Amino acid sequence: MSVQHILDRNRAEVVTISPTDTLKNAADQMRIHNIAALVVKNGAAIIGLISDREIVHAVSRIGERALHTAVLEIVTHPTITIAPDDTLKRAMRLMTHHRVRHLPVIANGKLVGVVSIGDVVKHRLEDLETESNVLRDAYMAAR
């Protein structure tokens, strides 16, 4: 299964944030959209990714004043990306190897989506369930 399959099923809006916005604004956007990460963009250029985890770490390190810190100061560099025609196996490998939970999806130099570890796990479980059902049906038919 390809990353494009996940994007087709999710149809979720890609929420971005400016590098000059504050962490408080980033947290507000995550809450409003019920998401855990934002793509940081300066115009059309992707600067990085900021997740709820980075915000929590900044507040823990800096304290309350972290909420007034610019996103650019804690954004993750470099951003690991994936293409729509890449497989879910590749997405899982990248997430595991780089210890990330979100991958921006880039097609023809443009941001077209974000795939989360939850998306990948959900679709992998569906694949395994389908495979299990086929094997069970084949076994029952052969009896």
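Round to the nearest 10 and give me the degree value, 0 to 90, for the angle of helix 88-98's Cα axis relative to the longest principal axis of the chain. Rounded to the nearest ten degrees, it is 40. Every helix of 4 or more DSSP H residues in the chain counts as -39500 (n - 2.57), and over all residues that averages to -15000 deg cm²/dmol at 222 nm.
Give the lysines reachable from Lys89 as a straight Cα distance under 16 Å; neighbours fewer than 8 places away on the same chain don't count. Excluding near neighbours in sequence, the set is Lys122. What a 1.4 Å probe finds exposed on the chain is 52% carbon and sulfur by accessible area, rounded to a whole percent.
Averaging 1/r over each pair of different alpha-carbon atoms in segment 54-119 and inverting the result gives 13.5 Å, the Kirkwood hydrodynamic radius. Highest-first packing order for the peptide set 102-111, 5-14 is 102-111, 5-14, based on the mean count of other beta carbon atoms within 10 Å.
Model label sites at Ile106 and Arg136, defined 7 Å from Cα along the beta-carbon direction, differ in position by 4.3 nm.
A full extension of the chain between Ala45 and Lys89 corresponds to an added length of 13.1 nm, given 0.36 nm per residue minus the alpha carbon distance. Taking a straight line from the alpha carbon of Lys24, these aspartates and glutamates sit under 15 Å away, with near neighbours fewer than eight places off in the same chain left out: Asp52, Glu54, Glu64, Glu73.
Using a 1.4 Å probe, what is the accessible area per residue for the chain, in Å²? Mind dumping the intermediate values first?
Values: 8980 Å² over 143 residues.
Averaged over the residues of the chain, the accessible area is 63 Å².
Across all Cα atoms of the chain, the radius of gyration (one decimal) and Dmax (whole number) stand at 18.2, 68 Å.
How much length, in nm to one decimal, is gained on full extension between His97 and Arg124, taken as 0.36 nm per residue of separation minus their Cα-Cα distance? Please report the intermediate quantities before stating the final value.
On the way: separation 27, 0.36 × 27 = 9.72 nm, distance 1.79 nm.
Gain on stretching His97 to Arg124: 7.9 nm.
Less than 5 angstrom separates the built amide H of Asn42 from those of Ile47, all sequence-distant by 5 or more or on a different chain. Here the mean projected area of the convex hull built on the C-alpha positions of segment 3-49 is 3.7 nm². Toward the positive end of the charge dipole of the chain, with +1 on the Cβ of Lys and Arg and -1 on the Cβ of Asp and Glu, the farthest Cα among Gln4, Thr16, His98 is that of His98.
The values are calculated or read from the model by the stated rules, or taken from the named source; none is laboratory data. Everything numeric here is computed off the predicted structure, so don't read it as measured data. A quick note on method: Cβ atoms are made from the backbone with ideal geometry, for glycine too, and the neighbour counts reach across all protein chains shown. Side chains included, ligands, DNA and RNA excluded: accessible areas come from the protein's heavy atoms. Shrake-Rupley method; radii C 1.70, N 1.55, O 1.52, S 1.80 Å.
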